[in-house]
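Working notes, structure below.
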């Protein structure tokens, strides 16, 4: 058994697709029309057979309040591993991405938090060399 797909709830699927692919660098894995919405997934180009991220519409009544509360409290909904948080931060800032927390050394990890433009905060994390 393995994790295959993880969902992130988004305000707008098309805008999310553009941000996650065009800005973050994920690649489209699936785009299947489902009436008003789509089964829309992206995957890391570094692991095309890896875990897919499903860009889920916020159409369940509980989702908008939940995601607003999490983001409002400054809690990232999702963590993304990167090799160099500072370099990734600089690359994304140059692309207009808004960070709510700049790269911060937290001991065994360096983290930064960004706004995904579709209702979520995402945390970038880099394991510091030499740490377990």
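The values are calculated or read from the model by the stated rules, or taken from the named source; none is laboratory data. Everything numeric in this text was worked out from a predicted model, so none of it was measured. Neighbour counts are summed over all protein chains in view; Cβ atoms, including those assigned to glycine, are modelled from backbone coordinates with ideal geometry.
Could you check residue 77 against (1) within 16 Å of residue 113 (Cβ to Cβ); (2) exposed (fewer than 14 other Cβ atoms within 10 Å of the Cβ); (3) within 12 Å of the chain's Cα centre (by Cα) and say which number it fails?
Of (1) within 16 Å of residue 113 (Cβ to Cβ); (2) exposed (fewer than 14 other Cβ atoms within 10 Å of the Cβ); (3) within 12 Å of the chain's Cα centre (by Cα), only one is false for residue 77: (2).
Quick check on my filter: what residues within the stretch 34-56 are out of contact with any helix residue (DSSP H, G or I) (no Cβ under 6 Å at 6 or more places or on another chain) and either touching a residue at least 24 places away in the same chain (Cβ under 8 Å) or assigned to a strand (DSSP E or B) (or both)?
Our first condition is that a residue be out of contact with any helix residue (DSSP H, G or I) (no Cβ under 6 Å at 6 or more places or on another chain); within the stretch 34-56, this holds for 34-37, 39, 41, 43-54, 56.
Once the filter is applied, which keeps residues that are out of contact with any helix residue (DSSP H, G or I) (no Cβ under 6 Å at 6 or more places or on another chain) and either touching a residue at least 24 places away in the same chain (Cβ under 8 Å) or assigned to a strand (DSSP E or B) (or both), the stretch 34-56 yields 34, 37, 39, 41, 43, 51, 52, 53, 54, 56.
Among 16, 30, which is the only one that is modelled with pLDDT of 95 or more and within 20 Å of residue 114 (Cα to Cα)? Even if it seems obvious, please write down each step before you answer.
Working: 30 fails: within 20 Å of residue 114 (Cα to Cα).
Answer to the check: 16.
All but one of (1) within 24 Å of residue 18 (Cβ to Cβ); (2) exposed (fewer than 12 other Cβ atoms within 10 Å of the Cβ) hold for residue 69, so report the exception by its number.
Of (1) within 24 Å of residue 18 (Cβ to Cβ); (2) exposed (fewer than 12 other Cβ atoms within 10 Å of the Cβ), only one is false for residue 69: (1).
Just checking, how many residues over the stretch 8-27 are in contact with a strand residue (DSSP E or B) (Cβ under 8 Å, 6 or more places away or on another chain), surrounded by 14 or more Cβ atoms within 10 Å (Cβ to Cβ) and outside any loop (DSSP other than H, G, I, E, B)?
8
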